Amino acid sequence: MAKVLYNEPSPLETKVISQRFGLEGSETLDVYLKTKGYEAFRKAKEMTPEAIIEEVKTSSLRGRGGAGFPTGLKWSFVPRTHPKPRVIVVNGDESEPGTCKDRLLIEYDPHQLIEGILIAGLAVDAHVGYIYIRGEYRYLIEKMDRALEEAYARGYLGDNVAGTGFKFDLYTHTGAGAYECGEETALLDSLEGKRGVPRMKPPFPAVAGAWAMPTLLNNVETFSSVPAIIRDGGAAYAALGTPKNGGTRLLCISGHVNKPGVYEVPLGFPMMKAINEIAGGVRGGKKLKAVVPGGSSCPILKAEECDVAMDYDTIAKIGSMMGSGGMVVLDEDTDMVGFALRIMRFYAHESCGWCIPCREGTTWLRKMLQRYYDGHGRKEDIDIIGEVSKNMLGRTFCALGDAAAMPTISIVEKFRDEFEKYLTRETVAV
Amino acid sequence: MTFSPQIEERFAKLLKRYPEGKTRSAVIPMLMYAQDETGAITKELIEEVAKRCGVTPLQVDEVVGYYSMMHRKPLGKFHVQVCTNISCLLVGGADLYEHAKKKLGIGHKEVTADGLISLEEVECMGACSWAPAVEINYDFHHHVTPERFDQLIAGLRDAGLRKAQ
Ligand SMILES: Cc1cc2nc3c(=O)[nH]c(=O)nc-3n(C[C@H](O)[C@H](O)[C@H](O)COP(=O)(O)O)c2cc1C
Ligand code: FES
């Protein structure tokens, strides 16, 4: 029996981590066990930690949280013989505008996430983990707690995981409303009960993370991809994608398309095909103007730049990022000044205030863009907005400053004519 | 302070889930769950959480000032959050928020005179592909049109009346 999903799936999807979405009872351990659940964990239990990490490296899985760091390499940085115990932290803060996928992985397949975490536990010799979930997702925290309870009750967590003698405890931890807590070190401070401000690196979390213990931190989708990699082999997973960009990922398509939704595609999937064939094309028969390829922090792409394969390296080559998989589609009538303003309002609101270039930079950019939007802009403001943004790049404590600057620089450069037109108020409102 | 048995049970579990001596980690979850019951984070609650977690009241207070979901003043019984971030904006989120303000006669972070409903313009809440999105307390509503919004509000008012009777 099928269950109602938030959006209809597309026949063009390649379903690896979303395989169980739509199955009745997909969130239960019984359904999980009936659909190859825990095969990967049992296999991993027979492997050495080195072999598990090697398999993840072979898969060329890269972090799905934003930066796209190679997962196997990250796992290899965690010192397994450190005198302090290792901790696993799962980033379920999901707050990058345009992103709504971790939600589905927790809602529809929590046991896949648990199994991925357990395999990571074997790989870095950790015996405890925390799933940090944004506060707004209270219903998901409850769902995750129920899945954890079931796993404990049936012996898939606790002192003897799946009868193998491996010990692992796993808990949820609620956020309380702060985009910055998605940044890994701010998240760790938040987990420790503090304000979510970023930490100086080094030391990196792998060496001194949560409570100064060696910490492995990955995104929900990253961990959820691990069972398939171990079960079917790293090479098979890698082969789904393009070189150095293994596997599949959940693409969150939103904005001006006929069929917005979350769809699983292999890395390297053509962007225009995703827009036209999966998402049913631009609404109302309008023309495409631009695409934000991976969440609001990514430089925007003009329509003519969108004929690309979606993998980390190809998108990087054209000056943007795959980020968190949040693809926002803009039609020809979109007001780019209003769009840039809304992005900056967000970053100004979410800057944690810890470092000055970010706190002051985002605030002044917001004020300038607001003034511009209200019709009091001056021609020279266009350059000032670009320059202030460029001055923030690389000069902030964490990447929130870059996240605010990058889209702004790209919008001002690529849509300068619209800013100029705005001086005489000819642009159509959103 | 006394809480319901459910909250007490949750607190007891929270204090046990972090490594030895790291009970400060329970501060944020405790505040969030307690707030659901007390309606706001008062000085008394801050002191209570500080005592239970073994930290100073100031260490709790500074946290309250940082997180957007923590409130020092009571919200409405139903807290209506309208997202106007980019994905919602493109499909009518900003218009929906304007509509909400008019419909309810209140602005950002204000509460209706009867204390039933409060409104907040919020940032992306992870419903971008099913925008525009509204969250009422902890319940998500997707593809919300102004008409659908009005129905939701009527539902809240009915629920409020039933409670009052
Ligand atoms: C401001 C900011 C916000 C972030 N938000 C998130 C988030 O919500 N979820 C997430 O997984 N990663 C987020 N990240 C990235 C994390 O810092 C980190 O790189 C990631 O969680 C690592 O996991 P991965 O390697 O599996 O991607 C954010 C980074 C920054 C700078
Ligand atoms: S932009 Fe509104 S939910 Fe993401």
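Annotations for the structure displayed:
- A single entry from A:Ala309, A:Ala228, A:Ala239 fulfils the requirement of being more than 15 Å from ligand 1 (Cβ to nearest atom) and either on the phi > 0 side of the Ramachandran plot or crowded, with 21+ Cβ neighbours inside 10 Å (or both): A:Ala228.
- Single residue of B:Ile86, B:Ile106 found to be among the β-branched types (Val, Ile, Thr), over 22 Å from A:Gly353 (Cβ atoms) and in contact (Cβ under 8 Å) with a residue 24 or more places away in the chain: B:Ile86
- Segments classed as helices (runs of 4 or more DSSP H), wholly inside the range B:34-134, with at least 1 members that are within 16 Å of ligand 2 (Cβ to nearest atom) and among the hydroxyl-bearing types (Ser, Thr, Tyr): B:86-90, B:93-104
- Residue among A:Arg195, A:Arg231, A:Arg249 that alone is part of a helix (DSSP H, G or I), in contact (Cβ under 8 Å) with a residue 12 or more places away in the chain and either basic (Lys, Arg) or in contact with a Pro (Cβ under 9 Å, 6 or more places away or on another chain) (or both): A:Arg231
- Just one residue in the set A:Lys74, A:Lys101 is farther than 22 Å from A:His173 by Cα, in contact (Cβ under 8 Å) with a residue 60 or more places away in the chain and not aliphatic (A, V, I, L, M); that residue is A:Lys74.
- From the list B:Met32, B:Met70, the one residue that fits, being in contact with a Gly (Cβ under 7 Å, 6 or more places away or on another chain) and not polar (S, T, N, Q), is B:Met32.
- Residue check for A:Ile315: surrounded by 15 or more Cβ atoms within 10 Å (Cβ to Cβ) and over 28 Å from A:Gly177 (Cβ atoms): yes
- Tally, over the range A:312-327, of residues that are in contact with a Leu (Cβ under 7 Å, 6 or more places away or on another chain) and within 16 Å of ligand 2 (Cβ to nearest atom): 2
- Number of residues in the range A:179-192 that are near ligand 1 (Cβ under 10 Å from one of its atoms) and assigned to a loop (DSSP other than H, G, I, E, B): the value is 1.
- For the range A:69-98, filtered to residues that are within 7 Å of ligand 1 (Cβ to nearest atom) and within 13 Å of the chain's Cα centre (by Cα), the residue that is surrounded by the most Cβ atoms within 10 Å (Cβ to Cβ) is A:Glu94.
- Cβ separations smaller than 8 Å between residues 6+ apart or across chains give the following pairs from the range B:128-144 residues that are at the interface with another protein chain (Cβ under 7 Å from one of its Cβ atoms) and under 25 Å from B:Lys77 (Cβ atoms) to residues that are charged (D, E, K, R) and more than 16 Å from ligand 1 (Cβ to nearest atom): B:Tyr138/A:Arg138.
- Residue in the range A:348-360 that is touching a Lys or Arg at 6+ places or on another chain (Cβ under 8 Å), at the interface with chain B (Cβ under 10 Å from one of its Cβ atoms), more than 19 Å from B:Ile86 (Cβ to Cβ) and surrounded by 20 or more Cβ atoms within 10 Å (Cβ to Cβ) present: yes
- Complete set of residues in the range B:135-165 that are assigned to a loop (DSSP other than H, G, I, E, B) and more than 28 Å from A:Lys101 (Cα to Cα): B:Gln165
- Annotation: of all residues in the range B:10-25 being in a helix (DSSP H, G or I) and closer than 10 Å to B:Gly54 by Cα, the one that is nearest to the other protein chains (Cβ to nearest Cβ) is B:Arg24.
- Test: residue in the range A:176-190 that is free of Cβ contacts under 8 Å to residues at least 60 places away in the same chain and more than 12 Å from chain B (Cβ to nearest Cβ): no
- Just one residue in the set A:Tyr156, A:Tyr139 is farther than 18 Å from A:Asn219 by Cα, of a type outside the set (A, V, I, L, M, F, W, C) and in a loop (DSSP other than H, G, I, E, B); that residue is A:Tyr156.
- Residues of the range B:61-83 classified as more than 7 Å from chain A (Cβ to nearest Cβ) and touching a residue at least 24 places away in the same chain (Cβ under 8 Å), total: 14
- The set of residues from the range B:127-139 being of a type in the set (A, V, I, L, M, F, W, C) and surrounded by fewer than 20 Cβ atoms within 10 Å (Cβ to Cβ) comprises just one member, B:Ile136.
- Scanning the range A:206-224 for residues that are part of a helix (DSSP H, G or I), more than 9 Å from ligand 1 (Cβ to nearest atom) and on the phi < 0 side of the Ramachandran plot gives A:Ala210, A:Ser224.
Values in this text are rule-based calculations from the coordinates and carry no lab data. Given the structure is predicted, the values throughout are model-derived calculations rather than measurements. For neighbour counting, all protein chains shown are included, and Cβ atoms are generated from backbone atoms with ideal geometry for every residue, glycine included.
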